[in-house]
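Let me begin by presenting the structure, written as structure tokens, before commenting on it.
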Amino acid sequence: MNEHEQIGQPRRRIEGARKVTGQAKYAAEYNVPDLLYGYIVNSTITRGRITAIDEAAARSVAGVVEIFHHERRSKLPGFDVIYSDMDAPPGSPFRPLYDANIRFNGQPIALVVAETFEAARYAASLLNIHYEEESFDVDLLTNLARARKPSKGLATLIKPLPPGPRGDFETAYAQADARFEGHFHHGSQHHNPLELFATTTVYEGDGKLTIYDKTQGTTNSQLYVSNLFGLSFRDVRVIAPFVGGGFGSGLRPQYQLVLCVMAALQLRRNVRVVMDRAQMFTFGHRPETIQHTRFGATADGKLTAINHVALAETSRFEDYNEVVVNHANMLYPADNVALDYKLVPLDRFTPLDMRAPGGSTGMLAIETTMDQLADQLGIDPLEFRLRNYAERDVSADKPYSSKELRECYRQGAERFGWSERKPTAEVNRRGNRLVGHGMSSGIWDVIALPGKASAEFTADGKLIVSSAVTDNGQGTYTVMTQIAADELGLPLEAVSFQYGDSRHPLSPIQGGSYTTAVIGSAIKAACRALRSKLFKLAQIMDGFPLGDALPEDVRFVDGAIVLKKDPFIRVSLTDVIAFNHGKSVTASKSNIPNIFRLKQYTRAAHAASFVEVEVDEQLGIINVTRAVTAVAAGAIMNPHTARSQILGGMVWGISMALHEETLLDVNLGKYINTDLGEYHLPVHADIHDLDVIFVEEHDDVINELGAKGIGEIGVISMAPAIVNAVYNATGKLVQVFPIKVGDLL
Amino acid sequence: MNNFNYTKAESIDQAVSAVATQSEGQFIAGGTNLIDLWKYDLTHPEMLVDLNGLSELKAISELPDGGLRLGALVSNNATAYHPLVQERYPLLSRTILAGATAQIRNSATNGGNLLQRTRCYYFYDAASPCNKRNPGSGCPAITGHNRLHAILGESEHCIAVYPSDMSVALAALEATVRVTGPEGAREIPIADFHRLPGAEPARDNTLGAGELITSIDLPSTGFADHHSYLKLRDRNSYAFALVSVATGLEIEGGRIRNARIALGGVAHKPWRVPAAEAILVDKAPTPEAFAEAADLLLAGATGYGHNDFKIELARRAIIRNGMMALDPSTQRPGAQPSL
Ligand SMILES: Cc1cc2nc3c(=O)[nH]c(=O)nc-3n(C[C@H](O)[C@H](O)[C@H](O)COP(=O)(O)OP(=O)(O)OC[C@H]3O[C@@H](n4cnc5c(N)ncnc54)[C@H](O)[C@@H]3O)c2cc1C
């Protein structure tokens, strides 16, 4: 029998039925008794000071209990480090309600708490805030002269700054046979998970709180709240069993959490605070970024020179950074490289990791630049990439732990029918529509972090595994259950995974595509420890049913320990528990990655996307008619949920290329399309034929599961492939994204 | 709390008198626009007169002159799918179906559709200046994000566009809006119903205070054989038109006998230029002929930066839609470009 009965199998989401029947409860849906409702008031100016808050009208609304703002709030700490969280960039984190200063438009400045949501919202609309306005600068384009190096901090450990120069870029570029210089720009984008940010705080008394929070890290929220309010870490319990999408927005505790907890502690009542959709545009976001590329190649298609510079927005108080420019030389082994990444502090809120942060931005510039060079050289774009295939990561001078990108190219191209692509100079028409084919590579770094899990085998024959980790909807719940089931040879139904609760063993925030690797490995380790305890008990059971068998002589199958050489000799796990006087057996384990070994390799997931677009020849309307993405991301735990991840990523890529942008009015200093009617994501009518291939890839370096993670890799190659396809169709290269109706006229 | 009075009208007269009882009296039909505006703090009705009980406004009936009367309370979807509309006024049907979503069209009514307000970002943000919302406060769209905004008929006070799809077809069909108010009943030709912003951008239309729309009447000519609606937008559904064109043609012996062209998404009202239609008469329906019409329709068009593209896009859309109108069977769902 195969030891992997579950891993690698296409299992449906365990919680799927609960989600589609409305039984899955989200943070704002816990109807605890005696609940108060808070409504947040946000600044309508961009920079300045609050001079007065006139509360009279708001206070006169029946049901209003309290109004919190900088002059009426609980004591808050005065040191930056206390406000830090697991995803805090270097700098001075924003402190909600701390003082009268306004640092960005939409800054939360008050919380109105009332007996009903309606009363709170209405009273909030009556709060009269007086400001002293100051001039502000929110415009990236006109402030580029202020660009400077990002400061370093904890975050730069996971998101390294660009490596130093290699060779002599300027000379190599000047001598190149083909050169392309690109200037790219995209605006800010906001995550907009469907679930609004929300917190329900249950005031338990004795300084104890139970908090239902929308977050991608229960431990992160727990840490943040206990630090801010001087509570004991153990007295704060944060629960987030279901998360209605995160995409990175929940990697940092959001301000509704602070306001909700403050109100609960002060009023000694249960309180709920939910943001509205416009408020979802008042915190972290993908930063507006300008990129300059200059790539040079020889006539026979060898890339010799790479220059990639990115200039991104950040706030005045924190240096958010992401990896935008590092990937070109990881993918393509040119010897003359100059990279730079700079930030421009503006009067906007600090950006925040948004699905495939950095990678999706940088690869958009890198991969369109690659196609322009291929076009100049008269080489097919895929062939051009193959001629520059990196067998080794020259940028870090390390081997890859595994890299099946070539196979992604091959299988993707074959499934797509890439050989039928026509050169850009040739017109490819379908009626009055121009047809274009484009491709792109994708890369996403594999991040290794420690994680912890515990496992318990109970008297009724169930395996319970636990971790504080959240499931933002990717299928973590299901995949962790699969991993645990295999380790103890149990059917899925016999395993219950407890997660999304800070009481469970500590987990890092859920992001960066590392959850399966980090928590999956911890669960495997915990289950293995449990296995060994169960086996030790079985060894000493009455009558010694397993004789003198050693651990390597047995396997765990169908709820029993079975002798490999004679499967008829077996001890059921429930008998082991009975022997243990009916007491369940538990084990808990941390998984600490072997950083020393890992550091010897470049570790990354890869992908290749192939896209067909149709562009109306006169009207410039673009449709992505079909696309194939081939992914090499190590072992795939569950092809069913994995496919959904990649499909979602591909839709995200379509959105990035053609739809998504938060419009900033630089005169008013604010975002203006802050609802889902005007913040455009693609709709069903924009999505056509999408296909996903998982390329087999074996990796025994990265982690025990051999899994690289698939949360971001599906996004990265899609948008550049679309831009390249549009170029192939029309001969026009758009460098300001998203490509809009009118850009191709 | 945001308190208001509510009454469910039982007759047209009662509705008209009820709405006048309070200074901020308003009718509510499908509520798909009114409730949004209310939630955004842009309107504050003190008296809500619900029209949904008025069965006399819920019918589609034939008129003696061969036209069709569309009750003001008939839903947009019920209108679009009505057999007589589909048979005689397929242009209207397609145009309605190019708007919003099925759920919204099921609630939205014909009367309410005529009165939907602009989708200008600044209008919707109570904290921004806006002459339409707060006369005299200024128009940030002129120097701000004006991708959605007007290229024709705008004023220094307002460059908002009127967003309705349905009204573009109604303009092409030369519908008549029937209303009843405190002063009695009257008829307003659709061309005079919506107005340009001028110095009074707060006023979208010429409806008098407290006037109730009872029906939209369509004349007998429906352009059933040769018509097309083309809606160009930033995504394939659930987005307002950047530029839209409703074209109706009558063709005899290979020549245009009668032409109507109305543009949406370009002005504060559906845009028609009689001379542009006249110039097509007796011509063969060719791209060149439609190009001539386009030049007249777009004469004097001005861009404000982000919306410059609309001028050229509209020109091309007029030409394409003229050609699409020749064979409506080739048209793609959602008023997307075809041929
Ligand atoms: C998300 C979204 C997308 C949309 N997309 C589109 C689109 O693509 N194209 C498009 O054309 N439209 C679109 N719409 C707008 C939609 O068509 C209008 O909201 C709808 O037609 C309004 O009709 P209603 O009956 O709901 O009006 P209500 O909201 O009930 O009323 C609107 C206004 O009309 C007044 N009113 C209503 N009936 C009468 C009457 N009989 N007499 C006098 N006054 C009356 C009300 O007092 C109010 O001022 C969209 C709307 C939404 C919310």
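Things worth noting here:
- Full extension of the chain between A:I464 and A:N594 yields a length gain of 44.1 nm, computed as 0.36 nm times the residue separation minus the alpha carbon distance.
- Other protein chain C-beta atoms within 10 Å of residue C-beta, averaged over B:1-9: 2.
- For the stretch A:75-121 and the stretch B:16-65, distance of Cα centres in Å: 41 Å
- Listed by chain and number, the lysines whose alpha-carbon sits under 23 Å from that of A:K208, ignoring those within fewer than 8 places in the same chain, are A:K25, A:K75.
- Length-normalised contact order for chain B - Cα pairs under 8 Å, 6+ apart - percent: 17 percent
- The stretch B:227-331: C-alpha gyration tensor shape, a/c 1.5 cut-off, then a/b vs b/c: oblate
- Calculated FRET value between B:N258 and B:E56, using beta carbons and R₀ = 41 Å, to 0.05: 0.80
- Restraint check, A:K732/B:K310; A:K536/A:K564; A:K533/A:K708; A:K152/A:K524, Cα-Cα greater than 23 Å: A:K533/A:K708; A:K152/A:K524
- Taking the stretch B:78-139 and dividing mean pair separation by its residue count, relative contact order in percent (alpha carbons under 8 Å, at least six apart): 15 percent
- For the options B:N113, B:N236, B:N146, a Gaussian network treatment of chain B with springs between C-alpha atoms closer than 10 Å singles out B:N236 as fluctuating the most.
- Taking every residue in B:120-133 and counting other chain Cβ atoms within 10 Å of its Cβ, the average works out to 3.
- Peptides ranked, highest mean first, by Cβ atoms within 10 Å: ranges A:73-81, A:446-454: A:446-454, A:73-81
- Using a simple spin-label model with pseudo-atoms 7 Å out from Cα toward Cβ, A:Q376 and A:N432 lie 3.6 nm apart.
- Extension gain (nm, one decimal) between A:V20 and A:L676, 0.36 nm per residue minus Cα-Cα: 234.0 nm
- Rounded FRET efficiency, nearest 0.05, which uses the C-beta distance separating B:S107 from B:A284 and R0 of 30 Å: 0.10
- Paramagnetic reach from B:T143 (point 7 Å along Cα→Cβ, amide N under 19 Å) across the stretch A:109-151: A:133-143
- Under the Karplus curve 6.51 cos²θ - 1.76 cosθ + 1.60, θ = phi - 60°, whole-Hz ³J(HN,Hα) for the stretch A:504-511, x wherever Gly or Pro sits: 7, x, 3, 9, x, 4, 8, x
- Using only alpha-carbon positions in chain A, the gyration tensor eigenvalues give semi-axes of 41, 39, 22 Å once each is multiplied by 5 and square-rooted (largest first).
- Phi angles of the stretch B:300-308 translate, via the Karplus equation with coefficients 6.51, -1.76, 1.60 and θ = phi - 60°, into HN-Hα couplings of x, 5, 10, x, 10, x, 4, 9, 3 Hz per residue; Gly and Pro are given as x.
- Relative contact order computed over the stretch A:449-592 (Cα-Cα under 8 Å; 6+ residues apart), in percent: 34 percent
- FRET efficiency for B:R186 and B:E46, using Cβ-Cβ distance with R0 set to 25 Å, rounded to 0.05: 0.45
- Of B:T214, B:T143, B:T109, the one that fluctuates the most in a GNM where chain B has Cα springs shorter than 10 Å: B:T143
- Simple spin-label estimate for B:S23 and B:D295 gives 5.4 nm between the two label positions (7 Å along the Cα-to-Cβ direction from each Cα).
- Pairwise centroid distance, computed over Cα atoms, of the stretch A:607-648 with the stretch B:125-173, Å: 38 Å
- Full extension of the chain between A:D54 and A:D206 gives 51.3 nm of extra length, using 0.36 nm per residue less the Cα-Cα distance.
- Against the main long axis of the alpha-carbon atoms of chain B, helix B:309-326 sits at an angle near 70°.
- DSSP H segments from chain A that extend 24 Å or more along their own axis, Cα-based, with Kyte-Doolittle mean of -0.5 or above: A:359-377, A:515-539, A:639-658
None of the figures in this text is laboratory data; all of them are computed from the coordinates on show. Note that the coordinates shown come from a computational prediction; the quantities given were computed from them, not determined experimentally. Please note: Cβ atoms are built from the backbone with ideal geometry, for glycine as well, and neighbour counts cover all protein chains shown.
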